[in-house]
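The values are calculated or read from the model by the stated rules, or taken from the named source; none is laboratory data. Just so it is clear, the model here is predicted, and its values are computed rather than measured. Every residue, glycine among them, receives a Cβ derived from its backbone with ideal geometry; neighbour counts consider all protein chains shown. Quick note on the areas: whole protein, heavy atoms, side chains included, nothing else; ligands and nucleic acids left out. Shrake-Rupley method; radii C 1.70, N 1.55, O 1.52, S 1.80 Å.
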Amino acid sequence: MDNIVIYNEKDRTFTINTKSSTYQMQVDEYGVLLHLYYGRRAVGCMDYLLTHADRGTITNIYDAGMNRHYSYDTLPQEYPVSGMGDMRSPALMVLNNDGSTASDLRFEGYEITDGKYSLKGLPAVYADASEAKTLAITLSDKASKLKVKLLYGILPGLDIITRAAIITNEGEEVRLEKVLSANLDFLTDKNKELITFYGRHGMERKLQREYIGHGEKTIINRRGSSHQHNPMMIVCDPDTTENSGVCYSMQFVYSGCFKGTCEKDQLDQVRLQLGLSDEKFSYPLKKGEEFVVPEVIMSYSDGGFSKLSHNLHSCIRKHVCRGYWRDIERPVLINSWEAFYFSFTGESLLGFCDEAAALGIDMLVLDDGWFGGRNDDNSSLGDWIVNEEKLGMPLPELVKRINDKGVKFGIWVEPEMISEESRLYKEHPDWALTIPGRAPVRGRNQLVLDFSRKEVVDHIFSMICDILDSANIEYVKWDFNRVIVDVYSRTASDQGKVLYDYVLGLYDFLERLNERYPKLLIEGCAGGGGRYDAGMMYYTPQIWLSDNTDAIDRLRIQYGSSFGYPISTMGAHVSAVPNEMNGRVTPLNTRSVTAMSGTFGYELDPKKLSEDDKNEIRNQVKTFKKYGSLIHNGTYYRLSSPFEKDYTAWLVVSEDKKEALLSAVITNERANPLPHYVKLAGLLDQTIYHNDDLGVDYSSDALMEVGIPLPNIMNEYAAYQWHFSAR
Ligand code: GLA
């Protein structure tokens, strides 16, 4: 762990080194923290990259005297502020006590420590002293007495640098109007491209790659939960591909409103930023108070998107996901939702359980409809009391009878929500986020609970714990099915705090749940994949990736999601056909091959299946169990893009590279098809690999150089899944 963070007294540079990257900053003659370099591993001082010139109408700080060559507006800033002449997008905007919005952050000191910092009340990458270092640089604004401690967490082995900050007010009350977590100014005259992940309900995280032109491009989540934009951005060169070229990423460890900006300025410099959304945000900070700025994970790759994804996958798998389930394969589950929706009884669930047990499925998850008077989605959210009349038996009895069949039990909850038609709403109408004097905006006919209030979080927590304590419940699906619109808390001292404090309330609940039930497996969900982010993954090691379970659409959703997140976090199930969301019919094998690049389970009623299908499912479950550890812990490679080829292929390779699982799905069947050669990756060189399914030996080098041809099956959406072992 030598040379990871170096402060060079002479040129006042901070240099951060990871395995293949270097990040450098400099405290300049005025005490301003400039960003110098982020790229391939480098030695020496990079301040020669700075160019100073009189550029006409640009601004000059007062300390520079008559020097018109020095400007915040053109120099690369480490943490740009508003009001000092940098007219690009600021990372920090503070409304001072006198009504002005200027801050002038200058260097005060630094500290380098072993291990990785953590953040009070917020999720953050964790690592021990042998794996990480922390650099803290304190900047302060003399006039307002505001201090900003910039935090850098370095995981050198993974080429990961995290960013966060602590803002402390030592002066008169101020308001934080905009607070971002990370800013990256690129000094370059090269064209760059931006990749973002956009979508909609059922079609999340589609990849968009675009030329970065002049002006500002913004991705924003004003919804609380966003199918529309994932908090992840990549900047790359135009020639960067899956396996070559340079790329950088930023990923937010936060589950609320965010803003990501990519700006090309007058000098063709590119600024990339990510942090809290400044809309409906205005956070008062009294003297002595501090504000914790959530974390952004950054990574650099000089080996294309594949290497970048591997860095991020390892970081999230081993340093964000936590607890009992982090490293072990998850149970194969069957969920009641698409089988029954709201129409079930205890007896029908027991029948469902018999069917599931006969298929070798590990766990039955009782989805929506078991509580209050909920028989459709119009009522009862907030009434977390078992509807024994509907079940025909108490929950502990149902769970025991399910367990007696050798099947585990899990349950669905949506703790952050309230239905107007509920006992809770009658007792506490003020617990919903609504604006006095205005009719609230409904979503799925429900309102959002005010999780910025501790008593609300505590009350729901205790109701959910009563349920979890009452029976052997080993899994919870934590849902969140609408967006936040009415941002108004009845007790908040300030409405500008509500959105951020809400997320703190959510994390507090989830932290307590994890502490109290360390072996409970929690799966996140938000109308499918609306809140699929690294913040949630700190508490819920898997997240339902999308309500869309159609195998072909899923290939695209899984492809986009895999850029930033490991497949061990992707909730993926086999569902019935025609698919409920798009009517497509795909073979059962294709659905299962696709769902196996995730946590794997079923979302259908086995009673409606033929004996042949049931036999096939029995084999699928066995296959998943055989390869579960490889899938969960292996290195994942995208081998082709579902947006470009007539097939989609991917590969998981074991850590020792001796084992690999190749999967491929034909997405477009053509007459007289051209051969599809799928090129493998990450295998040992000069090694013979045995294809255990076809019983054939292959040269690893030829597999990686030319590929393996997919035999033509003459069947729409054919899928292939082959296991290879090194001889
Ligand atoms: C959301 C989830 C579904 C299901 C329903 C229940 O839509 O994404 O999987 O749990 O809620 O109401």
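One residue stands out among those in the range 335-352 that are part of a helix (DSSP H, G or I) and within 13 Å of the ligand (Cβ to nearest atom): the one that is least open to solvent (accessible area, probe 1.4 Å), which is Ala339. Within the range 17-49, the residues that satisfy the criterion of being part of a loop (DSSP other than H, G, I, E, B), more than 21 Å from Gly65 (Cα to Cα) and open to solvent by 10 Å² or more (accessible area, probe 1.4 Å) are Lys19, Ser20, Arg41, Ala42, Val43, Gly44, Cys45, Met46. Going by what's in this entry, would Ala671 be described as farther than 18 Å from His310 by Cα, modelled with pLDDT under 95, small (Gly, Ala, Ser) and loosely packed, with under 15 Cβ neighbours inside 10 Å? Yes; evaluated as a whole, the condition is true for this residue.
So, of the residues in the range 394-411 that are open to solvent by less than 10 Å² (accessible area, probe 1.4 Å) and not in a strand (DSSP E or B), which turns out to be nearest to Gly505 (Cα to Cα)? In this case the residue turns out to be Leu395. When residues in the range 371-390 are screened for being in contact with a helix residue (DSSP H, G or I) (Cβ under 9 Å, 6 or more places away or on another chain), open to solvent by less than 50 Å² (accessible area, probe 1.4 Å), under 20 Å from Cys465 (Cβ atoms) and more than 11 Å from the ligand (Cβ to nearest atom), 7 of them pass. Has the range 400-413 got any residue that is in contact with a Ser or Thr (Cβ under 7 Å, 6 or more places away or on another chain) and under 24 Å from Phe480 (Cβ atoms)? No. Inclusion of Asp327 among residues that are in a loop (DSSP other than H, G, I, E, B) and either closer than 25 Å to Tyr517 by Cα or more than 16 Å from the ligand (Cβ to nearest atom) (or both) is warranted. Assessment of the range 462-480 against the conditions (within 16 Å of the ligand (Cβ to nearest atom), out of contact with any helix residue (DSSP H, G or I) (no Cβ under 7 Å at 6 or more places or on another chain), within 28 Å of Leu350 (Cβ to Cβ) and among the basic types (Lys, Arg)) yields at least one matching residue. Specify the residue that is surrounded by the most Cβ atoms within 10 Å (Cβ to Cβ); the eligible residues are those in the range 695-727 that are polar (S, T, N, Q) and in contact (Cβ under 8 Å) with a residue 60 or more places away in the chain. Going through the qualifying residues, I end up with Gln721. Quick one: which residue in Ser663, Ser640 is under 23 Å from Arg584 (Cβ atoms) and touching a residue at least 60 places away in the same chain (Cβ under 8 Å)? Ser663 is the lone residue from the list that is under 23 Å from Arg584 (Cβ atoms) and touching a residue at least 60 places away in the same chain (Cβ under 8 Å). Could you list all residues from the range 461-487 that are within 27 Å of Arg222 (Cα to Cα), open to solvent by 30 Å² or more (accessible area, probe 1.4 Å) and of a type outside the set (Val, Ile, Thr)? Once the filter is applied, which keeps residues that are within 27 Å of Arg222 (Cα to Cα), open to solvent by 30 Å² or more (accessible area, probe 1.4 Å) and of a type outside the set (Val, Ile, Thr), the range 461-487 yields only Asn481. Figure legend. Inter-residue proximity from the range 422-435: first residues modelled with pLDDT of 95 or more, second residues of a type in the set (Lys, Arg), beta-carbon distance below 7 Å, spacing 6+ or different chains. Indicated pairs: Asp430/Arg490.
Touching a His at 6+ places or on another chain (Cβ under 7 Å) and either open to solvent by 10 Å² or more (accessible area, probe 1.4 Å) or more than 16 Å from the ligand (Cβ to nearest atom) (or both), is that true of Ser562? Spelling it out, it is not the case that Ser562 is touching a His at 6+ places or on another chain (Cβ under 7 Å) and either open to solvent by 10 Å² or more (accessible area, probe 1.4 Å) or more than 16 Å from the ligand (Cβ to nearest atom) (or both). Filter the range 488-521 down to residues that are buried (at least 22 other Cβ atoms within 10 Å of the Cβ) and more than 24 Å from Ala164 (Cβ to Cβ) and give me whichever is farthest from the ligand (Cβ to nearest atom). Looking at the filtered set, the residue picked out is Ser489. Quick one: Met581 ticks every box in (1) open to solvent by less than 10 Å² (accessible area, probe 1.4 Å); (2) within 14 Å of the ligand (Cβ to nearest atom); (3) of a type in the set (A, V, I, L, M, F, W, C) except a single one, so which number is it? Going through the list (1) open to solvent by less than 10 Å² (accessible area, probe 1.4 Å); (2) within 14 Å of the ligand (Cβ to nearest atom); (3) of a type in the set (A, V, I, L, M, F, W, C), Met581 breaks only (1). Condition test on Arg40, is it of a type outside the set (Val, Ile, Thr), within 36 Å of the chain's Cα centre (by Cα) and under 30 Å from Asn311 (Cα atoms)? Against the criterion (of a type outside the set (Val, Ile, Thr), within 36 Å of the chain's Cα centre (by Cα) and under 30 Å from Asn311 (Cα atoms)), Arg40 qualifies.
Here the condition is being of a type outside the set (D, E, K, R), on the phi > 0 side of the Ramachandran plot and in contact with a Phe, Trp or Tyr (Cβ under 6 Å, 6 or more places away or on another chain); of Gly115, Gly85, Gly121, it holds for Gly85 alone. Note on the range 445-460: residues that are surrounded by 21 or more Cβ atoms within 10 Å (Cβ to Cβ) and away from the ligand (no atom under 16 Å from the Cβ) total 8. The set of residues in the range 194-218 that are β-branched (Val, Ile, Thr) and within 15 Å of the chain's Cα centre (by Cα) contains only Thr196. Among the residues of the range 412-444, just one is open to solvent by 10 Å² or more (accessible area, probe 1.4 Å), within 15 Å of the ligand (Cβ to nearest atom) and in a loop (DSSP other than H, G, I, E, B), namely Arg444. Identify all residues within the range 50-105 that are touching a residue at least 24 places away in the same chain (Cβ under 8 Å), of a type outside the set (Val, Ile, Thr) and not in a loop (DSSP other than H, G, I, E, B); write none if there are none. Asp63, Ala64, Gln77, Leu92, Met93, Leu95, Leu105 - these are the residues of the range 50-105 that are touching a residue at least 24 places away in the same chain (Cβ under 8 Å), of a type outside the set (Val, Ile, Thr) and not in a loop (DSSP other than H, G, I, E, B). The residues in the range 674-694 that are modelled with pLDDT of 95 or more, open to solvent by 50 Å² or more (accessible area, probe 1.4 Å) and more than 35 Å from the chain's Cα centre (by Cα) can be counted, and the count is 3. Residues in the range 539-571 that are under 18 Å from Ile195 (Cα atoms) and part of a helix (DSSP H, G or I): Arg556, Ile557, Gln558, Tyr559, Gly560, Ser561, Ser562. Apart from one condition, Gly583 fits all of (1) without any contact (Cβ under 8 Å) to a residue 12 or more places away in the chain; (2) assigned to a helix (DSSP H, G or I); the exception is (2).
Report yes if Ser277 is among the polar types (S, T, N, Q), crowded, with 20+ Cβ neighbours inside 10 Å and at pLDDT 95 or above, otherwise no. When the stated conditions are applied, Ser277 passes them. With respect to the stated conditions, Val483 is within 16 Å of the ligand (Cβ to nearest atom), in contact (Cβ under 8 Å) with a residue 24 or more places away in the chain and over 18 Å from Trp412 (Cα atoms).
In the range 127-236, which strands (runs of 3 or more DSSP E) lie fully inside it and hold 2 or more residues that are among the small types (Gly, Ala, Ser)? Outline the logic, then answer.
Working: elements: 133-141, 146-155, 160-169, 174-186, 193-200, 203-211, 215-221, 229-236.
Here the list reads 133-141, 160-169, 174-186.
For the range 445-476, a tally of residues being in a loop (DSSP other than H, G, I, E, B) and of a type in the set (A, V, I, L, M) returns 2.
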